[in-house]
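Okay, structure first, notes after.
Taken together, the values in this text are just the output of simple stated rules run on the coordinates, not laboratory data. Just so it is clear, the structure is predicted and the values come from calculations on it, not from any experiment. Here the Cβ positions follow ideal geometry from the backbone for every residue, glycine too, while neighbour counts run over all protein chains shown.
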Amino acid sequence: MVILELERVASQSPVRMLYFRTLWGEVCVKVDLSKIETELISFAETMSFDDERLDPTRVIGPMEVRLEGKVRPAGDHYLVDGRTSASGHLSCGRCLEPVEWRMESGFDLEVALTDAAPVDPELALDEADLDVVFLTEPLLDLEELAIEQVLLEMPIRVVCSEECAGLCPQCGANRNQEGACRCQPEADPRWAALKDLAGHDPVD
Ligand SMILES: [Zn+2]
Ligand SMILES: [Zn+2]
């Protein structure tokens with residue numbers, strides 16, 4: 001991925017796309033807003049993010065993300081809209097096995113340049129509602145935008161199947177596998193009390 005992007009820098013870097021090499025050797029892609037005067041520009045990038053960068057508690061392995069859109073100047077700010085699509089694997093909320101996940105969604109936001117992020121937290125909240133992104137320099141980071149869009153769409157929890165039996169609470173074996181373990185269910189007095197209640201009408 002990194003090498004691919006570097007080749008692109010050398011061969012056909014569009015004037016308004018800036019490719020930076022970060023301290024740790026990654027390449028990040030930013031749209032140079034200062035070069036946009038009247039016409040709109042479009043961008044299309046395919047990126048790959050590892051689970052650490054997205055959310056290691058929910059994502060397994062790398063995720064391919066495609067970001068397409070356009071930036072239009074609108075007075076003293078910019079309008080950015082487009083589509084994000086991603087495919088990868090999330091971990092099952094019960095057994096932790098990978099579950100295939102795909103998303104596709106549109107986005108529509110406003111980018112404003114500011115000397116500093118709003119100091120008033122109330123104001124910052126209001127602006128967030130309107131999907132306004134404040135930038136302190138005229139560079140729109142496509143990776144940040146892509147990650148934000150993916151996390152917005154990512155479900156809090158997925159299951160590999162409604163019948164997933166999950167992990168054994170005692171030894172951690174995957175109970176979907178035949179003969180996963182021989183642990184006996186723990187006798188829990190609270191559980192027995194709940195069983196007694198079952199069957200009674202909860203209203204009375
Ligand atoms: Zn599962
Ligand atoms: Zn067990």
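General remarks:
- Estimated vicinal HN-Hα couplings, Hz - segment 139-145 in sequence order (Karplus 6.51, -1.76, 1.60; Gly, Pro = x): 10, 9, 7, 5, 5, 4, 4
- Highest to lowest packing among 74-86, 151-163, scored as the average C-beta count within 10 Å: 74-86, 151-163
- Each residue of segment 82-97 was assigned a 3J(HN,Hα) from its phi angle through the Karplus expression (A = 6.51, B = -1.76, C = 1.60, θ = phi - 60°), giving x, 10, 10, 9, 8, 9, x, 10, 10, 9, 4, x, 9, 10, 6, 6 Hz with x at Gly and Pro.
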